[in-house]
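The structure under discussion appears below in the form of structure tokens.
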Amino acid sequence: MSEKLTAKTPVELGYRMPAEWEPHDAIWLSWPHDPLTFPDCVEKVEATYVQIIKEIHESEKVNLFIKNQIMKEKVMCMLQEVNVDVSKIAFFMFDYADVWFRDYGPTFIVNKKQELAMVNWIFNCWGEKYDDLLKDKDIPQVINKTLQVPCFKPQIVMEGGSIDVNSKGTLLTTEQCLLNSNRNPNLTQTDIEKYLKEHLDITHFIWLKNGICGDDTDGHIDDLARFVNPTTIVCAYEEDPSNQNFEALKGNYEILKNSTDQDGNQINVIKLPMPNNVSNEYIVPASYTNFYIGNTKVLMPTFNHKNDKIALSILQKLFPNRKVVGIDCTDLVNGYGTIHCISQQQPSTTTKQVTHTSIHKNIS
């Protein structure tokens with residue numbers, strides 16, 4: 001089956017966006033390479049990727065973009081040195097620009113038969129901030145040369161890091177991002193909600209206000225608040241009134257405390273502390289909410305900060321059936337994002353898994 005477009009909306013065809021804690025077939029990543037994104041620390045960020053892949057590949061396939069054969073051979077050696085089973089790594093060769101897969105990659109959806117499809121939003125580099133990264137908008141089409149699943153193109157600007165769902169119909173987002181004039185200036189809040197309802201099967205919205213300082217995405221939700229189950233949200237919170245993030249995070253917390261789910265039930269809100277002063281050179285958007293929920297593990301960014309252990313403990317209690325693993329992201333965050341920003345989950349379906357043979361045939 002080739003890439004297929006349809007006049008019907010995903011919801012009309014029975015599709016929905018699963019929550020991140022639902023079973024995955026794979027995680028999608030792009031290998032880091034650009035010294036402009038990671039000044040003087042590309043090799044350290046590569047080591048972070050090795051750790052991420054080592055932890056996550058035990059329970060889900062790793063679909064990894066690499067730029068060329070030389071990079072592939074280098075990555076293979078690095079992974080084999082730490083005993084990663086490279087048979088669980090599928091390489092996609094494409095001349096991509098950067099690593100922020102959550103935002104330029106597709107949003108995967110499934111129907112009641114657990115068949116896979118994708119939503120291909122328009123990626124405009126977070127409000128046309130970085131023209132040199134625009135070619136990453138082609139990544140969803142590159143992926144679908146292999147997956148060959150139904151593809152829906154809403155023709156609106158959207159990034160995966162700007163939304164979070166609870167699998168029951170509620171979507172969490174921010175006004176600063178989705179209502180920003182640099183995304184969809186001709187669309188109202190009602191218009192945007194309509195697109196999300198039609199493509200992700202959403203019936204209820206929780207709109208937070210603003211993001212944290214240093215976030216060049218204009219307030220992505222994955223640095224602010226995340227669902228950890230259908231009725232519970234963890235929320236980044238700053239206790240120090242003199243801190244530059246205090247007012248924004250306090251305001252978001254108060255909105256959540258007064259929010260309900262799609263059934264009118266009160267949301268359970270758990271505070272996560274903030275790791276402040278991660279970089280002495282410039283402000284970076286360090287946040288513990290930028291974790292990835294895998295099949296058996298939750299990978300949480302750490303920053304060599306006293307609050308690392310506190311945040312790990314809070315998340316471990318909230319994920320009793322998964323191991324919460326801290327990943328040192330003090331170098332990765334220099335690119336203005338961490339684990340959730342660089343990843344995208346592919347939910348478990350009846351769709352046949354990609355193989356190395358099919359990848360090299362269609363992508364290389």
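The values are calculated or read from the model by the stated rules, or taken from the named source; none is laboratory data. Keep in mind it's a predicted model, so treat the numbers as computed, not measured. Cβ sites come from the backbone with ideal geometry, for glycine too, and all protein chains shown count toward neighbours.
Here are a few things to note about the model shown:
- Being buried (at least 18 other Cβ atoms within 10 Å of the Cβ) and closer than 30 Å to Ala117 by Cα is a condition met by no residue of region 238-252.
- Residue that is nearest to Cys213 (Cα to Cα) [pool: residues in region 257-293 that are outside any loop (DSSP other than H, G, I, E, B) and of a type in the set (A, V, I, L, M, F, W, C)]: Leu272
- Residue within region 95-104 that is assigned to a strand (DSSP E or B) and either in contact with a Cys (Cβ under 8 Å, 6 or more places away or on another chain) or surrounded by 16 or more Cβ atoms within 10 Å (Cβ to Cβ) (or both) present: no
- Of all residues in region 109-131, those that are on the phi > 0 side of the Ramachandran plot and in contact (Cβ under 8 Å) with a residue 40 or more places away in the chain have Cβ atoms under 8 Å from Cβ atoms of residues that are exposed (fewer than 14 other Cβ atoms within 10 Å of the Cβ) and of a type in the set (S, T, N, Q), 6 or more apart or on another chain, in Gln114/Thr350.
- Region 17-49, subset β-branched (Val, Ile, Thr) and not in a helix (DSSP H, G or I), residue farthest from Arg102 (Cα to Cα): Thr37
- Elements of type helices (runs of 4 or more DSSP H) contained in region 127-210, each with 1 or more residues being farther than 30 Å from Gly264 by Cα and either at pLDDT 95 or above or among the small types (Gly, Ala, Ser) (or both): 139-147
- Summed over region 105-124, residues that are assigned to a strand (DSSP E or B) and not polar (S, T, N, Q) total 8.
- Filter result (farther than 23 Å from Ser348 by Cα and either surrounded by fewer than 16 Cβ atoms within 10 Å (Cβ to Cβ) or of a type outside the set (A, V, I, L, M) (or both)) within region 53-70: Lys67, Asn68, Gln69, Ile70
- Taking each residue of region 66-78 that is without any contact (Cβ under 8 Å) to a residue 60 or more places away in the chain and farther than 12 Å from Ala47 by Cα and looking for partners that are surrounded by fewer than 16 Cβ atoms within 10 Å (Cβ to Cβ) and among the hydroxyl-bearing types (Ser, Thr, Tyr) with beta-carbon atoms closer than 9 Å, six or more apart or interchain, yields Gln69/Ser364.
- Residues of region 294-338 satisfying the condition of being of a type in the set (Ser, Thr, Tyr), more than 22 Å from Gly211 (Cα to Cα) and part of a loop (DSSP other than H, G, I, E, B): Thr296
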